[in-house]
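Data block below; observations after.
Read the figures in this text as sums done on the coordinates, not as results from a lab. Predicted model only: the values in this text are computed from it and were never measured. A quick note on method: Cβ atoms are made from the backbone with ideal geometry, for glycine too, and the neighbour counts reach across all protein chains shown.
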Amino acid sequence: MEKLITKSENGVMEMQRDASGIDENEKYRVMEEELNLYKEKQNVAAGKSKIQKYNLMEEELLRPIQKIGRAGKIWIGFLVAICLCGLYAYYLQETKSKYETISLRDYTMWGVYISTFVFYVALSLIGALMSAILKLIKFEWYRPLTRIAEIIAVASIIMAGVCIVAAMGRPERLYFLFTYGRIQSPIVWDVIVIMTYITASCLLLFMPLIPGIVICRDKLTNKPAWQKWMYKKLSFGWNGAPEQWKIVKKSVKVLAIMVIPLGISIHTVTAWLFATTLRPEWDSTNFGPYFVSGAFALGAAGMIVAVYVFRKVYSLEKYLEEKHFDVLGKMLVLLSFCYLYFNINEYVVPAYKMSSLHANHLLDLFIGKTAPTYWLVVLFGIAIPAILPMFRAMRKPLPLTIIAIFAVIAAWFKRYLIVVPGLSHPFLPIQDVPESWMHYFPSLVEMTIVAATFAALLLIITVFSRLFPIISIWEVAEGDGVNMQKIYKPIKPEML
Amino acid sequence: MKTDNENKKSHDEENSESRRKFLKLGLLGGGAALAVSGVTKLFADSTENSGEKVKVLTTDGKLVEVDSSMVKKASGCSSPGLNIREGIPGKKFVRVIDLARCENKRACIEGCQKKHNLIAPVEWIKVKKMQDVEMESPYWFPQMCYHCDNPPCTKVCPVDATFKRSDGLVVVDAERCIGCKFCMAACPYSARTFNFGSPKQVENFEKHKNDPERCKSSDPSIVGTVSKCDGCPDELAQGKLPACVKKCPNGVIFYGDENEDTVTNGEEVFQLSALLSERAGYRQFDTLGTKPRVYYLPPDKRLFPFEEAKEIRNTEE
């Protein structure tokens, strides 16, 4: 007690001296009173500072929604323009002869659309990885990252569906999958798991967003009428009652558990689309885990890029900190090593045997025409992300992001290398066909459509982050020890 | 084998159950397909003797006379092309390709293309130059859809657009196909082709749309769908041979019915089991477990020495 008093800098010390003549008990009583008063003051101050801190955070996280700057508008316009180009390219593809607009032929009948589809399915695993696994193993640093991961997951799984429609010969018959669907077909399995994953991911994005929508509804009063209407409708009359908080937290937990097996399933089933065929290049029992591990490595790399961009563009350095890059970098190392392990199983073991079934394909990858792409993918997609971030200096935001950008690009090419060369070496030799049937290179229409899906992916993420807080306010606040149920006082819906 | 005239006579006659054994006709006897398929209707129909006699051929090649009431005209087969999904009852079609006879005349390809209005470079049959080992002389290898008994393509189809019929044929329903091309990825023999809608091809389909000779049951003309050798179901239903068999000048391709244990190339008839066992018949990549319905006879004792193709085919887009 003595210690505490001497430490303080208010009038307690002087009072001690003045009261020296008074009886000891009385002295202690006064001291105790003073001390309690002081403690109370401190608590109020701390509470105030917590509220202040929370308010500041709320303000900073709502800033990207408050005002879209000129650069932001140009960016959105740019993305919309590419999407429109893609729509026009799709119009050309569907109205003109596909023999002329796209370079797919009988042997390479799956091209960039299917590779990009696999890429998006892989990218969507980021949701299961970042928002579910980290949350469940209670890695506290997940808090500001979870919503970024979920919106990427939702946007990319939607784009995966778009790619499939672009690849279809008769997209207007898509509904046949429901009217004539055969459960024996891996495509139908894929449709089922992807639709379930979309639903679960949307819920996992939306449930923790409800308190955030309410904040938007209450605080963003200068927004156009449709936007206010949207916040009001989407908040579903939420008013922060303890019961409601309980429901949100519980459902998020259930969804987070659900989304892990679902995420692993979607990518495993996507691997089975290839592994259930008799083609030697794809005829591998390793394919499921090989795809899943690749998806996790891509997820970590994609997350690094996204975090860097949001941190810079929306000035969120206070929330997306250097420590996040540090841990994401370590995570990238771990996941890249897992991926390396499955790659060794996938390529080195068959290469050791070099059976004539695999020889054409493997030699083409290792020393043939495809070799430059293959080795660049190994370098940038596996070796560099596995090794460089082991050094602390490489886990700083900028170098790590550069490594991650290359890893993401390499991940796309990796999918291309699985799909296209896998089709170019059938059992029976390719003979008596025109030159274009033997080699596949995507046409301008195909490349435009693929570019448009990327633009649409970024557009969904951008628009989302301009309408809703991209960092979950309440989850970060709770991480800081704020009791949200006390601080957070939504306006009663009937008052609106 | 009997002439078409004799068989045609039997088309119009009635049939009865007890005489089913008489109806196992050889393939060239066109009546066979019709008569056997009529078996299903036997129970319902009258068995009154008409007194009129018709000649039919038994499996062991004997010509017998039966009452016309014992032979029934099969309505399902006489109007072919109406339902691609129904196999011809009682049949198990099979093909045998004698590699010793092929000299890459490509007449089968042309016959097939004409029948189905396909133009180069789309070919449902390919004739490939093959060489299994270095010391062996290369040989010509006609290859089409093998109509496998364990077809990897129909397994993966999400909408039942490609399926196995009761008569052994694997066919595509182009009205159903959504164009996902999974069956093409699944086929280890690259037997499938996709209609990318090349303008020349579309024009050709349009031009011959109403040809009486056109195969009506399977329709490769729908852009954005998968097609492949359909085994000429129209022809088979009429008791005729597929286009590729008829056109081959060397009689390389034999067609027949496994139930009847007979195959023919239009001129010669063989007992299927005897032919395969004597000539060491085999199936391509049998280890894949696809169980093809197309057998090959090895290219030994060749009728022609191997000659390289004189021109490079299908170079034009």
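Annotation for the range A:187-248 versus the range A:101-131: alpha-carbon center distance of 29 Å. Using DSSP to define loop residues, name the GluC sites (Glu not before Pro) in the range B:265-298 whose beta-carbon has at most 14 other beta-carbon atoms within 10 Å. Hits after loop and neighbour filter: B:E267, B:E268.
Here the contact order of chain A, divided by its residue count and restricted to Cα pairs under 8 Å and six or more residues apart, works out to 29 percent.
As a footprinting exposure proxy, order A:M390, A:M159 by other Cβ within 10 Å, with the fewest listed first. Numbers along the way, then the final one.
On the way: A:M390 13, A:M159 25.
The order, fewest Cβ neighbours first, is A:M390, A:M159.
Enclosing the Cα atoms of the range A:111-261 in their convex hull gives a volume equal to 162 cubic angstrom per residue. Based on alpha-carbon atoms, the Kirkwood radius and the radius of gyration of chain A give Rg/Rh equal to 1.10.
With the alpha-carbon atoms as the only input, what is the per residue convex hull volume for the range B:264-317 in Å³?
Details: hull volume 10.1 nm³, N = 54.
Per-residue hull volume (Cα only) is 187 Å³.
Please arrange B:D167, B:D60 by counting, for each residue, the other beta carbons lying within 10 Å of its beta carbon, fewest first.
On the way: B:D167 24, B:D60 6.
Result, fewest neighbours first: B:D60, B:D167.
Here chain A is assigned +1 on the Cβ of each Lys and Arg and -1 on the Cβ of each Asp and Glu. Its dipole about the Cα centre then comes out at about 840 debye. The residues packed around B:G87, meaning those with a beta-carbon under 14 Å from its beta-carbon, carry a net charge of -2 if Lys and Arg are +1 and Asp and Glu are -1.
Run through the DSSP bridge list for the protein assembly as shown and note the antiparallel percent, rounded to the nearest 5. Working shown, then result.
Values: 27 of 31 bridges.
Percentage antiparallel, nearest 5: 85.
A convex hull fitted around the alpha carbon atoms of the range B:93-297 yields 124 Å³ per residue.
What's the exposure ranking of A:E60, B:E308, A:E26, going from fewest to most Cβ atoms within 10 Å?
Working: A:E60 17, B:E308 7, A:E26 10.
Least to most surrounded, the residues fall as B:E308, A:E26, A:E60.
In summary, the aspartates and glutamates within cross-link reach of B:K228, defined as a Cα separation below 12 angstrom excluding same-chain residues under 8 places away, comprise A:D106, B:E123, B:D173, B:D219. Quick one: how many lysine pairs does the range A:280-425 have with C-alpha atoms less than 26 Å apart and a gap of 8 or more or different chains? Give me the count, please. Number of lysine pairs found: 11.
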